[in-house]
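Just so it is clear, none of the values below were taken in a lab; they were calculated from the coordinates. Note that the structure is a prediction, hence the values are computed from the model and not measured. Glycine gets a Cβ as well: all are built from the backbone with ideal geometry, and neighbour counts include every protein chain shown.
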């Protein structure tokens, strides 16, 4: 029997950086799983006959979702549509899986940083005792960067 979700949140209720660290670590685990699972599925996938032996018969889970989002080419030189490959670029199965793994590593580092430096007193001015960081501005910058990443996903990946 596991812990209910509110039990974990009440432990870090008054520690905003540790609460943030938990959620960043969860994002890191999910992105790392998606990237590594996609690489595993690519290793066991045999794309020679997509009509009589489609990917769902291989027990694929991640690659069909990537295909529905428009990823159809592989760095191995094959395409799920059977067409010719002109420009592979980063928008291939391996490129997206690698990007997820890199993102997972960056989220892991961010979660560790937020866990280690959880005490906001280290960023306060020693003379006045007031915070020396403009936390709403930092939060706004982070929201802006996340918005740019989401826009980039929609503009360059889904369309």
Query raised in the report: Most mobile of 80, 24, 141 per a Gaussian network model of the chain (Cα springs, under 10 Å)?
Result: 141
Report summary line: Helix 135-153 sits off the longest principal axis of the Cα atoms of the chain, rounded to the nearest 10 on a 0 to 90 degree scale, by 10
Query raised in the report: Gaussian network model of the chain, Cα springs within a sub-10 Å range: biggest mean-square fluctuation belongs to which of 67, 128, 86?
Result: 128
**Report entry** Value at 222 nm in deg cm²/dmol, rounded to 500, when DSSP H runs of n ≥ 4 in the chain each add -39,500 (n - 2.57)
**Finding:** -18000 deg cm²/dmol
Report task. Would you please classify the overall shape of region 41-118 from the alpha carbon gyration tensor, given that a ≥ b ≥ c denote the square roots of the eigenvalues, rounded means a/c under 1.5, and beyond that prolate means a/b larger than b/c while oblate covers the rest? Result -> prolate
Requested in this report: Quick one: among 95, 35, 70, which has the greatest mean-square fluctuation in a GNM of the chain with alpha-carbon springs under 10 angstrom?
Outcome: 70
Query raised in the report: How many percent of all Cα-Cα pairs in region 22-86 sit more than 16 Å apart?
Result: 51
Report summary line: A correct fewest-to-most ranking of 150, 107 by other Cβ atoms within 10 Å would be 150, 107
Report summary line: So the angle from the long Cα axis of helix 16-44 to the longest Cα principal axis of the chain, reported in degrees to the nearest 10, equals 10
Query raised in the report: What value does the chain have for Rg/Rh, both radii from Cα atoms and Rh as Kirkwood defines it?
Result: 1.11
Requested in this report: With everything on Cα atoms, drop me the angle between helix 93-116 and the longest principal axis of the chain, reported from 0 to 90° to the nearest 10.
Outcome: 10
